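S.K.: So that we are looking at the same thing, I have put the structure below in structure tokens.
The values are calculated or read from the model by the stated rules, or taken from the named source; none is laboratory data. Values in this document were obtained by computation on a predicted structure and should not be read as measured data. Positions of Cβ are generated from backbone atoms using ideal geometry, with glycine treated the same way; all protein chains shown enter the neighbour counts.
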Amino acid sequence: MDTESLIVLGVPAAYLLVALAVGVGSRGKAEQNTTEGFIAGDRALGLVVLYFVMGASIMSAFAFLGGPGWAYSRGSAAFYILAYTGFGMVLWYVFGPKAARLGRKYGYVTQAELVADRYDSNLLAALMAVASIGAFIPYTVLQMKGVGLILSQASGGLLPFWLAALIPFVVIVAYVLSSGMMGVGWSNVLQGVMMLALAWGLGVYLPIELYGGIGPMFRQIAAENPGFLVIGDPATGMPMLQYSSYVVVSVLGFVMWPHLFMRAYTANSERTLKRTIAIYPTFGFIMIPILLIGFAGVLYVPDLPNPDNILPYMVTTLELNPWIVGFFFAGGLAAAMSSADSIIHAAASVFTRDFYRRVIDSDASDRTQTRITQAAVVGVTAVAYYFAVASEVEIVQLLAGAYGAIIQFLPLMVGAFFWVRATREGAIAGLVAGSAVTVYYTFFAPSPYELHAGAWGLLVTTVVFAVGSLATEVDDVESARRFIRDSRPDRPAPSRSTDGSAPADD
């Protein structure tokens, strides 16, 4: 192996060692032998870590490779990614503080715990756990395939795919088992910085190198194919109605993903949570240069068979400095690992708290639950690795259906926080019906009007949930009212007048 090849492989290898050191060394003061410490970081995450956890967790290998791929193949249709990144946290401004208050009061560390307690249903917790883990597995497989491709290419083919996919996940498992949520959090800070540096470096460099600048690049594309830069134009292959449905479903479903929703329990204060929500859209800046990379390939690389390969193709075919190529591969690893560690940690937590504790052993001690969660980290990783290396299952299609199923949690959350009349029967019926419709239009039939399948599922979930709740009775109305009251901020007691009497009502 020559010097340039050693540099290209050495940079991502060094990054893996740094990621391992940061993850293992980030335990802090969080108690790793309790579920609150291992899963929620003792509810002590500050603004910087929470910001990067929320941002880096969603910017996966799929977004890092798929974003340029969409810009390259669909043009302006790729802007939907910027739209949902900018607005995806809006719902969390409402739900996040409520979940945080209830988490501190009742000890919740997962999304389904909150929902199941509100509706008094272990079955609902188990259903949500199955849906969540069913979504997490293909999501993790995508990250494994991404890191396998990245390290295999970085080594010039010396590392076989099975080994290239395994090495980064050994690192992830090591620091997640060692440091739990704190390991995930501080690793995401490192990974987020890497992604930002790589995205802006390449996103600015490639248009300048190939076209003389970003403005000249878009002028040349507009001259060749003007409709390619117009949202909804036939040249993008995505009608306006379909584009809009993707934006709406993505925005509404953004924080319904359990690994994101659960971060409400990790903040050290409501102020930190709200500040994170307020500044989160700035993380969308990482997507701007990523899309520019895809646009840079439109005229430079005609008819690439797999659009998702446009970024690695351009980096490896241009005669770039080997250090730049090495940092590209390291940034790709960061993108994949930043989502994978968060997903694996959340999947293991959901299995223990929402399935094992609710269905198998309701009397399991806190220490036992922590050990089961740590074992599940290894188990979830092993299952995902099997599908990534040994299975021919169409993972992307599975992920599309799973994402649609996750969005069906939204009406249940709204009912839990705001509607006293919401019932267990309505919640279960709505979740099952909406998920079934989503699966049907994802795998078995084309979606009407080309809308996102999850949009039809969400409509069905909402209707069935509302009708089912109105047709049944709440088991304990006072408990439902107390739950909703407890989700609200504490109100100061009314002051008393100088003579000791309570103030008169307005």
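S.K.: Identify, from the list L123, L151, the residue that is surrounded by fewer than 23 Cβ atoms within 10 Å (Cβ to Cβ) and either part of a helix (DSSP H, G or I) or touching a residue at least 12 places away in the same chain (Cβ under 8 Å) (or both).
M.R.: Details: L151 fails: surrounded by fewer than 23 Cβ atoms within 10 Å (Cβ to Cβ).
Being surrounded by fewer than 23 Cβ atoms within 10 Å (Cβ to Cβ) and either part of a helix (DSSP H, G or I) or touching a residue at least 12 places away in the same chain (Cβ under 8 Å) (or both) holds for just one of L123, L151, which is L123.
S.K.: Only residues in segment 257-278 that are touching a residue at least 24 places away in the same chain (Cβ under 8 Å) count as the first member; pair them with residues that are in a helix (DSSP H, G or I) and of a type in the set (V, I, T), Cβ under 6 angstrom, at least 6 apart or cross-chain, and list the lot.
M.R.: Every condition considered, the pairs that remain are W257/I406; P258/V350; H259/I343; F261/V255; R263/V53.
S.K.: Assuming A390 fulfils every condition listed in (1) more than 27 Å from F254 (Cβ to Cβ); (2) modelled with pLDDT of 85 or more; (3) among the aliphatic types (A, V, I, L, M) apart from one, which condition is it?
M.R.: (2)
S.K.: Follow-up question, since we're still on this one. Hey, any hits in segment 78-90 for a residue that's more than 15 Å from M287 (Cβ to Cβ) and not acidic (D, E)? If you could, list the steps in order and put the result at the bottom.
M.R.: Here is the first cut: in segment 78-90, the residues more than 15 Å from M287 (Cβ to Cβ) are 90.
After this cut, where a residue has to be not acidic (D, E) as well, the list is 90.
Looking for residues that are more than 15 Å from M287 (Cβ to Cβ) and not acidic (D, E), one finds at least one in segment 78-90, hence yes.
S.K.: Which one is nearest to the chain's Cα centre (by Cα) among residues in segment 424-446 that are farther than 25 Å from E113 by Cβ and surrounded by 19 or more Cβ atoms within 10 Å (Cβ to Cβ)?
M.R.: T442
S.K.: Quick test for you: out of A335, A296, A278, A340, pick the one residue that is modelled with pLDDT under 85 and among the small types (G, A, S).
M.R.: Values: A296 fails: modelled with pLDDT under 85; A278 fails: modelled with pLDDT under 85; A340 fails: modelled with pLDDT under 85.
Exactly one of A335, A296, A278, A340 is modelled with pLDDT under 85 and among the small types (G, A, S), namely A335.
Listed here are the residues, each with its yes/no results for (1) outside any helix (DSSP H, G or I); (2) more than 30 Å from D486 (Cα to Cα); (3) in contact with a strand residue (DSSP E or B) (Cβ under 8 Å, 6 or more places away or on another chain).
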| site | (1), (2), (3) |
| --- | --- |
| V22 | no, yes, no |
| G28 | yes, yes, no |
| I39 | no, no, no |
| V53 | no, no, yes |
| A56 | no, yes, no |
| A77 | no, yes, no |
| Y93 | no, no, no |
| K98 | no, no, no |
| L102 | no, no, no |
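S.K.: Continuing with this model, one more query. Answer with yes or no whether L196 is under 29 Å from F329 (Cβ atoms) and touching a residue at least 40 places away in the same chain (Cβ under 8 Å). Lay out the reasoning, then the answer.
M.R.: Numbers: under 29 Å from F329 (Cβ atoms): yes; touching a residue at least 40 places away in the same chain (Cβ under 8 Å): yes.
When the stated conditions are applied, L196 passes them.
S.K.: Another question about this same structure. Out of everything in segment 177-194 that is surrounded by fewer than 24 Cβ atoms within 10 Å (Cβ to Cβ) and within 21 Å of L65 (Cα to Cα), what residue ends up being nearest to the chain's Cα centre (by Cα)?
M.R.: Filtering segment 177-194 for residues that are surrounded by fewer than 24 Cβ atoms within 10 Å (Cβ to Cβ) and within 21 Å of L65 (Cα to Cα), the one nearest to the chain's Cα centre (by Cα) comes out as V189.
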